[in-house]
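Read the structure below first, then the notes.
The values are calculated or read from the model by the stated rules, or taken from the named source; none is laboratory data. Computed from a predicted model, the values in this text were never measured in an experiment. Every residue, glycine as well, gets a Cβ built from its backbone with ideal geometry; the counts of neighbours run over all protein chains shown.
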Amino acid sequence: MRNVWVRALLPGAPESGRCSDRGLSTIEVVILAPVMILFILVLVAFGQLVDGRGAVDGAARDAARAGSIQKDQGTAMAEARAAAEADLEDVCVGPVSVSQTSAGFVSGTFFTVEVSCEVRGLAMLGLDLETTLKASFSSSLDPYRRSA
């Protein structure tokens, strides 16, 4: 009697009463493929954030060092900005901001800059999360820095 019900409910069912697994893998692929693609996109987005963090940290270090070897504060900020922009040209989607956070420009003190920019990150997934990364670095003002 059970075979009659199985054949009535599932016309393609075999005579033995067991349901066929035909088409099940297709359904699994249809359900799992978007989930796997989303998972890969999330990994790529977080990878961009990690790469952006490293790039901004490196740009802050390079900017502080480039500024600390200059003869005056104006030239130091111009060189720091140029170094940071060169480091971040392929990483940031907006402008690169470089600001001096140390007071003065006296030999024997530190030249500290803060670099910030916006990276792609999770915006590619449609998530409107803050992706502005900031980094700060200090470099001592060399007493034997450029004099001319």
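Observations, loosely collected:
- Qualifying position, being crowded, with 18+ Cβ neighbours inside 10 Å and modelled with pLDDT under 90, among Gly47, Gly52, Gly17: Gly52
- Set Asp72, Asp87: member being at pLDDT below 95, under 18 Å from the mean Cα position of the chain (by Cα) and under 28 Å from Leu141 (Cα atoms): Asp87
- Close Cβ contacts (under 9 Å, 6 or more residues apart or on different chains) running from residues in segment 90-104 that are on the phi > 0 side of the Ramachandran plot and in a loop (DSSP other than H, G, I, E, B) to residues that are surrounded by 13 or more Cβ atoms within 10 Å (Cβ to Cβ) and at pLDDT 85 or above comprise Gly104/Gln73.
- Flag if Leu10 is modelled with pLDDT of 85 or more and surrounded by 10 or more Cβ atoms within 10 Å (Cβ to Cβ): no
- Contact annotation: no residue pair with Cβ atoms under 9 Å, 6 or more positions apart or on different chains, pairs a residue in segment 110-123 that is farther than 18 Å from Arg61 by Cα and hydroxyl-bearing (Ser, Thr, Tyr) with a partner that is surrounded by 17 or more Cβ atoms within 10 Å (Cβ to Cβ) and modelled with pLDDT of 95 or more.
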